[in-house]
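**Student:** Have a look at this one before I ask anything.
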Amino acid sequence: MTYPFAWFDLPIQHFLTGFANRSDIFDNLVYACARYDLLKGVALFSLLWFLWFHRPADDNEGALQERREKLLITFFACLVAVGIARLMQHVLTVHPRPFTADLGISFPALRDPWGNGSVRNSFPSDHAVFFFTLATGYWLVNRWVGTLALVWTAVIVGLPRIYFGIHYPSDIVFGGVLGAVCMLTANRMTSLKTGARRALLWSHDHAGTFYWLAFVATVTSTALFDDIRQMIGHSVDYLTGKG
């Protein structure tokens, strides 16, 4: 099988995996970054709630509403972006996951069945798409928080997935670009701004319901809706007689 981005991917992966299996402590630290949602989705979505409630000294109601509208648009853009990424993974056949390919690379031995699911095509990384969309949205609201989120996504979300052979560097880079484009496009859509404004007006009269739904939405988003996807998958298997 040919690897269209081998000229870009393989030198980076050879370099990163040069550190593999040398230190159990280091491998476990990188594994924790790749595996645990606390360091990925929870950390990044906590910034959404910080931006939602944070009010600078010179703040006013108009600026607060504008920030919250952008955050609502950001969340919607994340949903669309990750949907596009998942569709591309299933429709395209760019390259299989690195740890299943004969690349002549020794990836760290520390890996469990997580990440071993869809092996036919790893392009693009849905994690990169989702969290770079989120981070780009933060950057539009607050440059400092956005920069922190972008760096965190690249280092804590992206690099460990390359290190363990879950994704190629091109999966992460393209995912980041796609996420940024989705967010910047969504931010320019008048219809989304109108929808976000109406949602905020609705939240003023239905605060309990709004924040209940927002809590559920952000909690499930921290793991890219993994529980929901598994529930749907098991239900489909049961209804089709495969379960």
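**Student:** If the Cβ limit is 6 Å and pairs must be 6+ apart or interchain, which residue in the stretch 183-194 that is within 10 Å of ILE73 (Cα to Cα) pairs with which residue that is among the polar types (S, T, N, Q) and surrounded by 15 or more Cβ atoms within 10 Å (Cβ to Cβ)?
**Tutor:** Cβ pairs passing all conditions: MET183/THR133; MET183/THR136.
**Student:** Check PRO108 against each of (1) part of a loop (DSSP other than H, G, I, E, B); (2) closer than 19 Å to ALA223 by Cα and name the one condition it does not meet.
**Tutor:** With respect to (1) part of a loop (DSSP other than H, G, I, E, B); (2) closer than 19 Å to ALA223 by Cα, PRO108 is out only on (2).
**Student:** Follow-up question, since we're still on this one. Yes or no: LEU159 under 30 Å from ARG22 (Cβ atoms) and surrounded by fewer than 24 Cβ atoms within 10 Å (Cβ to Cβ)?
**Tutor:** Values: under 30 Å from ARG22 (Cβ atoms): yes; surrounded by fewer than 24 Cβ atoms within 10 Å (Cβ to Cβ): yes.
Considered against the rule, which asks whether it is under 30 Å from ARG22 (Cβ atoms) and surrounded by fewer than 24 Cβ atoms within 10 Å (Cβ to Cβ), LEU159 comes out as yes.
**Student:** Let me ask something else. Tell me, please, whether a residue that is part of a helix (DSSP H, G or I) and under 24 Å from THR93 (Cβ atoms) can be found in the stretch 180-192.
**Tutor:** So far as the stretch 180-192 goes, yes, one or more of its residues are part of a helix (DSSP H, G or I) and under 24 Å from THR93 (Cβ atoms).
**Student:** Taking PHE130 as the residue in question, decide whether it is of a type in the set (Phe, Trp, Tyr), assigned to a helix (DSSP H, G or I) and modelled with pLDDT under 95.
**Tutor:** On the way: of a type in the set (Phe, Trp, Tyr): yes; assigned to a helix (DSSP H, G or I): yes; modelled with pLDDT under 95: no.
No; evaluated as a whole, the condition is false for this residue.
**Student:** Pull out all pairs, ordered by first then second residue, where Cβ-Cβ is under 6 Å, the residues are six or more apart or on different chains, the first lies in the stretch 28-48 and is touching a residue at least 12 places away in the same chain (Cβ under 8 Å) and closer than 13 Å to LEU224 by Cα, and the second is crowded, with 16+ Cβ neighbours inside 10 Å and not hydrophobic (A, V, I, L, M, F, W, C).
**Tutor:** Pairs found: ASP37/THR222; GLY41/THR222; VAL42/THR222; PHE45/THR218; PHE45/THR222.
**Student:** Which count do you get for residues in the stretch 66-96 that are assigned to a loop (DSSP other than H, G, I, E, B), among the β-branched types (Val, Ile, Thr) and without any contact (Cβ under 8 Å) to a residue 40 or more places away in the chain?
**Tutor:** Just the residues of the stretch 66-96 that are assigned to a loop (DSSP other than H, G, I, E, B), to begin with: 92-96.
From the residues that got through so far, the ones that are among the β-branched types (Val, Ile, Thr) too are 93-94.
Filter once more, keeping what is without any contact (Cβ under 8 Å) to a residue 40 or more places away in the chain: 93.
Summing the residues that are assigned to a loop (DSSP other than H, G, I, E, B), among the β-branched types (Val, Ile, Thr) and without any contact (Cβ under 8 Å) to a residue 40 or more places away in the chain in the stretch 66-96 gives 1.
**Student:** So, of the residues in the stretch 137-151 that are surrounded by 19 or more Cβ atoms within 10 Å (Cβ to Cβ) and in contact (Cβ under 8 Å) with a residue 12 or more places away in the chain, which turns out to be nearest to ALA186 (Cα to Cα)?
**Tutor:** Among those residues, the one meeting the criterion is GLY137.
**Student:** Take the conditions part of a helix (DSSP H, G or I), closer than 24 Å to ARG197 by Cα and not aromatic (Phe, Trp, Tyr) and apply them to ALA63. Does it pass?
**Tutor:** Against the criterion (part of a helix (DSSP H, G or I), closer than 24 Å to ARG197 by Cα and not aromatic (Phe, Trp, Tyr)), ALA63 qualifies.
**Student:** Taking the stretch 2-24 on its own, how many of its residues are of a type in the set (A, V, I, L, M) and touching an Asp or Glu at 6+ places or on another chain (Cβ under 9 Å)?
**Tutor:** Total satisfying the criteria: 1.
**Student:** Name the one entry in ALA196, ALA154, ALA223 that is surrounded by 13 or more Cβ atoms within 10 Å (Cβ to Cβ) and not in a helix (DSSP H, G or I).
**Tutor:** Result of the check over ALA196, ALA154, ALA223: ALA223.
**Student:** When you check PHE50 against the structure, is it more than 30 Å from PRO11 (Cα to Cα) and either small (Gly, Ala, Ser) or at pLDDT 95 or above (or both), yes or no?
**Tutor:** So PHE50 passes the test.
**Student:** Return the residues of the stretch 13-47 that are at pLDDT below 95, surrounded by 16 or more Cβ atoms within 10 Å (Cβ to Cβ) and in a loop (DSSP other than H, G, I, E, B); say none if nothing qualifies.
**Tutor:** ALA20 - this is the single residue of the stretch 13-47 that is at pLDDT below 95, surrounded by 16 or more Cβ atoms within 10 Å (Cβ to Cβ) and in a loop (DSSP other than H, G, I, E, B).
The values are calculated or read from the model by the stated rules, or taken from the named source; none is laboratory data. These numbers come from a predicted model, not from an experiment. Neighbour counts are summed over all protein chains in view; Cβ atoms, including those assigned to glycine, are modelled from backbone coordinates with ideal geometry.
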